[in-house]
1. Taking region 217-231 as the search range and keeping residues that are among the charged types (D, E, K, R) and surrounded by fewer than 22 Cβ atoms within 10 Å (Cβ to Cβ), which one is farthest from residue 205 (Cα to Cα)?
2. So, in region 114-127, exactly how many residues are touching a Pro at 6+ places or on another chain (Cβ under 8 Å) and either of a type in the set (A, V, I, L, M, F, W, C) or surrounded by 23 or more Cβ atoms within 10 Å (Cβ to Cβ) (or both)?
3. Would you point out which residue out of 50, 37, 89 is open to solvent by less than 10 Å² (accessible area, probe 1.4 Å) and touching a helix residue (DSSP H, G or I) at 6+ places or on another chain (Cβ under 9 Å)?
4. Just give me the residues in region 173-216 being surrounded by fewer than 24 Cβ atoms within 10 Å (Cβ to Cβ) and within 15 Å of ligand 2 (Cβ to nearest atom), in sequence order.
5. Listed residues 269, 277, 308, 285; which is more than 16 Å from ligand 2 (Cβ to nearest atom) and within 18 Å of the chain's Cα centre (by Cα)?
6. Within the bounds of region 326-345, is there any residue that is out of contact with any helix residue (DSSP H, G or I) (no Cβ under 9 Å at 6 or more places or on another chain) and either touching a residue at least 12 places away in the same chain (Cβ under 8 Å) or assigned to a helix (DSSP H, G or I) (or both)?
7. Within the set of pairs 6+ apart or on separate chains, which have a first residue in region 4-29 that is without any contact (Cβ under 8 Å) to a residue 60 or more places away in the chain and within 19 Å of residue 108 (Cα to Cα), a second that is open to solvent by 40 Å² or more (accessible area, probe 1.4 Å) and away from ligand 2 (no atom under 16 Å from the Cβ), and C-beta atoms under 8 Å apart?
8. So which of 97, 107, 75 is at pLDDT below 95, out of contact with any Gly (no Cβ under 8 Å at 6 or more places or on another chain) and open to solvent by less than 50 Å² (accessible area, probe 1.4 Å)?
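The values are calculated or read from the model by the stated rules, or taken from the named source; none is laboratory data. Fair warning: this is a prediction, and the values are worked out from it, not measured in the lab. Neighbour counts run over all protein chains shown; Cβ positions are idealised from the backbone, glycine included. With ligands, DNA and RNA removed, areas are computed over all heavy atoms of the protein, side chains included. Shrake-Rupley method; radii C 1.70, N 1.55, O 1.52, S 1.80 Å.
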Amino acid sequence: MTDILTIPRPDDWHLHLRDGAMLQGILPETSRHFARAIIMPNLVPPVVTAADAAAYRDRILAARPKGSGFEPLMTLYLTEDTDPDDVRAAHASGLVTAAKLYPAGATTNSASGVRNFDKVLPVLEAMADIGMPMCVHGEVTDADIDIFDREAVFIDRVLDPLRRRVPDLRVVMEHITTRDGVDYAASAPGKLAATITTHHLIINRNHLLVGGVKPHYYCLPVAKREDHRLALVAAATSGNPSYFLGTDSAPHIDPLKENACGCAGVFSATNTMACLAEVFDAEGALDKLEGFASRHGPKFYGLPVNEATLTLTKGDPVTYPDKIITGDGPVTVFDPGFPLHWHVSD
Ligand code: NCD
Ligand code: ZN
């Protein structure tokens, strides 16, 4: 029985760090275990220009715990007014790694997202030209499409037609939650990939709804039925480089989650690696964790694998704090609902 596992230090390819006191409070939860992360730009107001990204990057670097070498990989928030030249320059200078496409209204802080996809074609063509990946929140927002179908419909109606119009565009389907997403993401290796969150490997929609609504399991895209969760687990543990870790760890203070209109977002930075080791171990696939958390992401993004390592050890169940107390208020840590025997030991 394997009870110790050393892997290259992992990266998080989809992370929300927020700003101000929240950033200060939660950044150590990620920088403790992860070397780099793709930083989501959905601040209020969003990170739209290269200048916005440079200023946000400085605030993140300033918030790092002493001695931390954590590297934020910045993204731009695409709007219908994004200037292709600004995107080109931001990428050429190394300031930004990717750009994020949010359909307007799809999720938390996405009001400035795209309504008319034709309007962003010039930017997407520029990105295809320079090899800059587009990260996409893949859900339609039409009121007549059921929330559980929004990902599958997005693939058919928006993503596939868009990729046909800009065939050289490299795309990361963010936080996939369905078998449809799993299948489509593997259809164009090197061109297309998908991130999978820790919590979508663990919870299905019953966890969210049966026995009372659990606001801390509410996120977007919403967790789907068990069959889809099983497809995600099979994909993550398959060793296929089209899938890699993006935790989508997305903090909101408890009063905004435990609310008559609760915010979407699961905060899992604190115990993500322990949760993942538990999931991969249960599948008999511990040897695949390294690819999922540490190798496939850098490969897709054309970055080196981290030289530093992370060691996980299996033993008696470990406890993590229930909440992280930030200057903005308490943030509840994801509860996987089972004991965690693995912990990060080095
Ligand atoms: C994210 C957030 O809170 O910013 N929420 C979420 O449920 N995942 C936004 C997002 O990634 O969709
Ligand atoms: Zn997110």
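1. The initial filter retains those residues of region 217-231 that are among the charged types (D, E, K, R), namely 224-227, 229.
Of the ones still in play, those that are also surrounded by fewer than 22 Cβ atoms within 10 Å (Cβ to Cβ) are 225-227.
Working: 225: 6, 226: 8, 227: 11 Å.
The extreme case among them is 227.
2. 4
3. Values: 50 fails: open to solvent by less than 10 Å² (accessible area, probe 1.4 Å); 89 fails: open to solvent by less than 10 Å² (accessible area, probe 1.4 Å).
After ruling out the rest, the residue left standing is 37.
4. Answer for region 173-216, where residues must be surrounded by fewer than 24 Cβ atoms within 10 Å (Cβ to Cβ) and within 15 Å of ligand 2 (Cβ to nearest atom): there is none.
5. Numbers: 269 fails: more than 16 Å from ligand 2 (Cβ to nearest atom); 308 fails: within 18 Å of the chain's Cα centre (by Cα); 285 fails: within 18 Å of the chain's Cα centre (by Cα).
That would be 277, the only listed residue that is more than 16 Å from ligand 2 (Cβ to nearest atom) and within 18 Å of the chain's Cα centre (by Cα).
6. First pass over region 326-345, keeping only residues out of contact with any helix residue (DSSP H, G or I) (no Cβ under 9 Å at 6 or more places or on another chain): 345.
Now drop any that are not either touching a residue at least 12 places away in the same chain (Cβ under 8 Å) or assigned to a helix (DSSP H, G or I) (or both), which leaves 345.
The answer is yes, given that some residue of region 326-345 is out of contact with any helix residue (DSSP H, G or I) (no Cβ under 9 Å at 6 or more places or on another chain) and either touching a residue at least 12 places away in the same chain (Cβ under 8 Å) or assigned to a helix (DSSP H, G or I) (or both).
7. Close Cβ pairs satisfying both conditions: 19/59; 23/59.
8. Going through 97, 107, 75 in turn, just one is at pLDDT below 95, out of contact with any Gly (no Cβ under 8 Å at 6 or more places or on another chain) and open to solvent by less than 50 Å² (accessible area, probe 1.4 Å): 107.
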